[in-house]
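Worksheet for the structure shown next.
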């Protein structure tokens, strides 16, 4: 780390996760200022590139969630103007944000992910994909979790307990993305494994080495598995960190998270969400977030804290990732 | 905080806040748990954009107020009484403003004693003060379903348990209210008050029939319950004969010349004049009024004397100086809103499919539309906002559980120009058709009828002579809405 920098904190934007992003961004700004950096906060909009060119910061801290910020769009732009930035590059962002692609990659690599089927609006319209629904139902069984193929917001994530509920759940999910996934519901414990790079070496030789942080378990306050929205609301979920797991399960989950992180080509930091199935004790990887939340109740800061990495140190490590690509 | 709520086995280390930055969480009062920001509300925040036609607001159209009149009245206030306007005022409100309130209520045949009035900072403050005065955590409020979305966070903040009674075309069915009250009684729970918007309900658009008004007052009396009568739109009636307020019905029943002893009446200048004034009022039985007054002292000492004096000056100008009196202004609003309502009804007929139904309000600001039950209007809003550039309030906002009303939406016609109403409804219609088409191809069969939510069959108790007053879509036996407008 080479002293104070001019850091542009990119936050907000017009995604459905705007308000979370604004909160993440505010925490990041405060922390970077405490660390002595010169902070420029940018609520991302049509003037983004202009603002970046005008203020010419040394580095961009990406605190954007959802569309543009997490799908590689902003990262591609930053590459184009030659501005270093935190976290994963465009390819890893695309692979992670596109849940369908991520799941196929995981299947190929032998990483367990719940059985699923994808349906696009186009395939329904042009290829008569609806006729595949009975086969899909037969293969996957109920209940099913139906979700938009991209996006990390709880909006659009639905349960379908029966065949009757499936069309409505799918149409709901289609409101957020032209492709939706129907995934076998895993009844189990919600685990999140954050992966953080540490830089090794010095100068031009610096490289990043990823390690998994302690696992966070999200315990719903109400035993209401069918309401995703309330599960994502602050106060509706209690977080336990480190999660109370056997040493074996902990290692397995952390290893899986690292495998996924490398498979998708993530850089700097990411959070991998898994389920530990009650009956089988199997671990299933659900998805990967390349820009994990940095709010006061977010999982990554909790996990870092449990590893003895304070918030400011966490920020410094993530900032460092801009220079170890 | 509740350490150990996860509770599965000893020794489990529960950390609700892991980082020092989370210290606020530990300081928050238990009640803030109820003050949640839902994903739906966050999405609605995104609809405030120039290129989005928003039918989501609860807005009157303030562009109709003559700027010269506003300037003249403010100059009068400044010229006559700058010092008083800039000073604190009495908590109960200024006498000249209370006189205006008495006049507005008399226009709805509701005669009151000025000493029973508390001037508040908008009608919203009345809801807050009533909860502050009456509600302990866990106390029950009985409200309509759907109910005013703006009351939901207030009820939640006071940790009230809310029982919602599904509306039909004649407002809150009192038999359903009574069975709810019986059930609560059997459970040893006594509601503190019944919250109702009898006229052109927000968001339902329906009006409580005279028979039900009478019965509601009787039931409240029999069971010694308070009623919070929220009446922001009563004077904005576009057709049909006005119905008496609950306050007036109760006062007549008591026969004490104006004093109702079970109705807390909520009024506001927001819809008949301007919401920017932030002026409303409560009329309440004396013992309740005293507590509301104490609550207001703690909240904001008094409502703004500047705007109170503006209202007094406006009412006193009384159409003099070749200017519009308050009644004439209300008349211009009524003409404008009636036309906009008709524009919206026409657009709904044209663009919403057969699987949709909607209310046909005789007044107020809102229409409540209900779609195919498999369509979730929160998701539809996400689609409509993104692909069509149009916004509305998803029905869930009007339900305390945040889940019911999922297939309905509230549409505001009053604050939106005609062309935007037509275009907005056309766009929503297009999004609905896209979803219905998708549903059709996913289920590969005919669509089931819309749900029975919203404007259902009114109960048999409705007065026969009132049939013509209630110009709302009724349901035939198959459950689909019949449109009154023939096309």
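Bear in mind these aren't lab numbers, they're just calculated from the coordinates by the rules spelled out. These numbers come from a predicted model, not from an experiment. For neighbour counting, all protein chains shown are included, and Cβ atoms are generated from backbone atoms with ideal geometry for every residue, glycine included.
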Percent antiparallel among DSSP beta bridges confined to the range B:93-225, nearest 5, equals 10
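Pulled fully out, how much extra length does the chain show between residue B:418 and residue B:316, if you take 0.36 nm times their separation in residues and subtract their Cα-Cα distance? The partial results should precede the final answer.
On the way: separation 102, 0.36 × 102 = 36.72 nm, distance 3.30 nm.
So the chain would gain 33.4 nm between residue B:418 and residue B:316.
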For the range B:53-137, the Rg and Dmax computed from alpha carbons only, in angstrom: 16.8, 49
Between residue B:253 and residue A:14, take the C-beta separation as r, use R0 = 56 Å, and let me know the FRET efficiency to the nearest 0.05. 0.55
Scattering profile of the range B:210-329 at q = 0.14, 0.18, 0.21, 0.22 Å⁻¹ [log10 I(q)/I(0), Debye over alpha-carbon scatterers]: -0.76, -1.10, -1.24, -1.27
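Roughly what % of Cα-Cα distances in the range A:73-162 sit above 24 Å, to the whole percent? Don't skip to the answer; put the middle values down first.
Working: 1435 of 4005 pairs.
Looking at the range A:73-162, the distances longer than 24 Å represent 36 percent of pairs.
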Between residue B:386 and residue B:115, what is 0.36 nm times their sequence separation minus the Cα-Cα distance? Round to one decimal in nm. 92.4 nm
Pairwise label distance in nanometres, residue A:123 with residue B:184, each label 7 Å out on the Cα-Cβ vector: 5.1
How many nm is it between the label spots at residue B:27 and residue B:75, if each spot is 7 Å from the Cα in line with the beta carbon? 4.9
Taking other Cβ within 10 Å of each residue's Cβ, how do B:113, A:279 sort, fewest first? A:279, B:113
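Computed over the Cα atoms of the protein assembly as shown, what is the ratio Rg over Rh, Rh following Kirkwood?
On the way: Rg = 29.0 Å, Rh = 29.0 Å.
Result: Rg/Rh = 1.00.
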Between residue B:286 and residue B:336, the FRET efficiency computed from the C-beta separation at R0 = 51 Å comes out, to the nearest 0.05, as 0.85
Based on alpha-carbon positions alone, could you give the equivalent ellipsoid semi-axes of the range B:332-397 from the gyration tensor, as √(5λ), descending, whole Å? 23, 14, 12
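Take A:179, A:97 and order them by how many other Cβ atoms sit within 10 Å, fewest up front.
Numbers: A:179 18, A:97 27.
Ascending Cβ contact count within 10 Å gives the list A:179, A:97.
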Under 13 Å by backbone N from the virtual spin label 7 Å along Cα-to-Cβ at residue A:199, the residues of the range A:247-275 are A:268
Spacing of the two label points (7 Å from each Cα toward its C-beta) at residue B:175 and residue A:50, in nm: 6.5
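Among DSSP beta bridges lying fully in the protein assembly as shown, give the percent that are antiparallel, nearest 5.
Working: 61 of 93 bridges.
Percentage antiparallel, nearest 5: 65.
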Could you give the spread of the C-alpha atoms of the range B:148-295 along their three principal axes, from largest to smallest, in whole angstroms? 45, 38, 35
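With the radius of gyration and the Kirkwood radius both derived from the Cα set of the range B:295-409, what is their ratio Rg to Rh? Mind dumping the intermediate values first?
Details: Rg = 20.3 Å, Rh = 17.9 Å.
Here the Rg-to-Rh quotient is 1.14.
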Three principal axis lengths of chain A [C-alpha, angstrom, descending]: 59, 47, 37
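Provide the three semi-axes, in whole Å and in decreasing order, of the ellipsoid equivalent to the range B:373-421 as defined by the square roots of 5 times the Cα gyration tensor eigenvalues. Provide the component values of the computation, followed by the final result.
Values: eigenvalues 86, 38, 12 Å².
Those come to 21, 14, 8 Å.
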To check my understanding: the extent here is largest minus smallest coordinate of the Cα atoms along each principal axis. What are those three numbers for the range B:154-227, in Å, largest first? 31, 29, 17
For A:93, A:241, ascending order of other Cβ atoms within 10 Å (fewest first) is A:241, A:93
